[in-house]
1. Above 31 angstrom, tally the Cα pairs of the protein assembly as shown and express them as a % of all pairs, no decimals.
2. Please identify, among B:Gln141, B:Gln112, B:Gln84, the residue showing maximal mean-square fluctuation in a Gaussian network model of chain B using a 10 angstrom Cα cutoff.
3. Which value in nm describes the separation of the simple spin-label points at A:Leu68 and B:Lys68, placed 7 Å from the Cα toward the beta carbon?
4. What stretch of chain B, leaving out the sites themselves, is the longest with no trypsin sites (Lys or Arg not before Pro) in a DSSP loop having at most 12 other Cβ atoms within 10 Å?
5. Mean-square fluctuation check for chain A, GNM, Cα pairs under 10 Å: which of A:Val40, A:Val212, A:Val117 is largest?
6. Taking segment A:6-71, which trypsin sites (Lys or Arg not before Pro) meet the DSSP loop condition and have no more than 13 other C-beta atoms within 10 Å?
7. Output the Kirkwood hydrodynamic radius of chain B, Cα pairs only, in Å rounded to one decimal.
8. Just to check, using Stokes-Einstein with a Kirkwood Rh over alpha carbon pairs, what's the diffusion coefficient of segment A:2-228 at 37 °C and 0.692 mPa s in µm²/s?
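Just so you know, all these numbers are worked out from the coordinates, no wet-lab data involved. Treat the numbers as computed from the prediction; the structure is a model and nothing was measured. Heads up, the Cβs are rebuilt from the backbone with ideal geometry, glycines too, and the neighbour counts pull from every protein chain shown.
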Amino acid sequence: MYMGWLSQWWSELAADLYKCFIKDDRYMLLLNGIGVTIKVSLLAVIIGIIIGIAIAFCSLSKRKGIRLIGKVYTDVIRGTPSVTQLMIIYFVVFATVSWEKWIIAAIAFGINSGAYVSEIIRAGILSIDKGQTEAGRSLGLSGFQTMSRIVIPQAVKNIFPALCNEFIVLIKETAIVGYVGLMDIQKAGDFIKSATFIAFVPLIGTAVIYFVIIKFLTLLLGVIEKSLRKSDVR
Amino acid sequence: MIQINNLHKSFGDLAVLRGIDEHISQGEVVSVIGPSGSGKSTFLRCLNLLENPTEGEIYIDGEMINGKGVNVNKIRQKTGMVFQHFNLFPHLTILKNVTLAPVVLKKMNKEQAEKGATELLKKVGLEEKASSYPAQLSGGQKQRVAIARALAMEPEIMLFDEPTSALDPEMVGEVLDVIKELAMSGMTMVIVTHEMGFAKEVSTRVLFMDGGYIIEKGTPAEIFDNPQNDRTKSFLSKML
């Protein structure tokens, strides 16, 4: 009796799996979706780091006006939902620009991520003892040389875990690109759900794909972090 | 070599230096002593512009270093500084700590710098630590590396800011020995210190500071054995 229920459940699941992933080559939707998610995330991370560095140095500037730029930027980005930002960037700012959708989406996520990255970098630079800067400057290094050779290499090590966390959040955040008509993993899963009227398999499948990507990334970043910690040996 | 005229330094409303006039000649070893908060560290830090004087002039080799338009980085290359808390670069090996500045500032190429650094590390007795990281060294060893690092830029003047204050007592000796050797080699040095015995032994001249002024100055014998000012007397009586 019990075994009968199990085998029925299994054969139904197998049928659902077939319908959701194999029939009509639906797995291709997900594979393409993975490509879109990775493309958007990767470009967004790069844009986010560039903006993050720029905004962090604005926030750390001696000049009040420049500090204000950094503050306003992070305030505005943190104070509005990323879906709203994405839609404003896509439908308003880039409305008349005929770039590929995924690039515009990546710019939107990069702008968003930049605000968070800048706060991480700012905290990282402030965490380095003032004596390090003084030692560098006392040797005759310029402010820029001291920053790039002494402060930033140490700060990078300190902020690396927080930065990894931000990248992971960013990847998951891209699950909203469906709002501007991009077919990423989330949208592909949603599409399969609508086409097959099956919710369980495509949505759990979507979750598993995200999980595997992020798990893989976490392991990779862990290896990098370990090599960064080389000078900590005692 | 160093001429200081009417040097003032304030942090906001707090006046730390209230008018210092002093001349330090080539080859002199000047110890600066005095109670905490007397301005001795600030005075030292003004000499390589880690603090910007509020008022007054500092000349090194006849060049005014706190004027407008001077190249601060160039001037700092003339003065090596050793800090109380060593401030070694923890992400770099000992060798890289020493070679970083000469290489980045193109004073030497990498090979020359490494050769010079090995030589300097030998001098401070740490050549076998060249590939270690600062975290693997004791306090005394760190401070000796810091001295080698400052010397790598071939400075004309060495500034020491309480170089042994952060050390365990049994490590003070090894650092003082290195400084002593340097003093005997004819290097011009200014040392802020609480080690009275050391100041007495190594200095050619001693400055006693209190409340932002140099209260008394003279040879070690004059200051330590026959102080004239009451404040000097009371400070020394507490120290010895």
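1. 58
2. Largest GNM mean-square fluctuation: B:Gln112.
3. Once both label points are built, they end up 2.6 nm from each other.
4. Values: sites that count: B:Lys68, B:Lys106.
Longest stretch, sites excluded: B:107-240.
5. Of the options given, A:Val212 has the highest mean-square fluctuation.
6. Of the trypsin sites (Lys or Arg not before Pro), the ones in loops of segment A:6-71 whose Cβ has at most 13 other Cβ atoms within 10 Å are A:Lys62, A:Arg63.
7. So the Kirkwood estimate lands at 18.4 Å.
8. Details: Rh = 20.1 Å.
Taking Rh from Cα pairs, D becomes 163 µm²/s.
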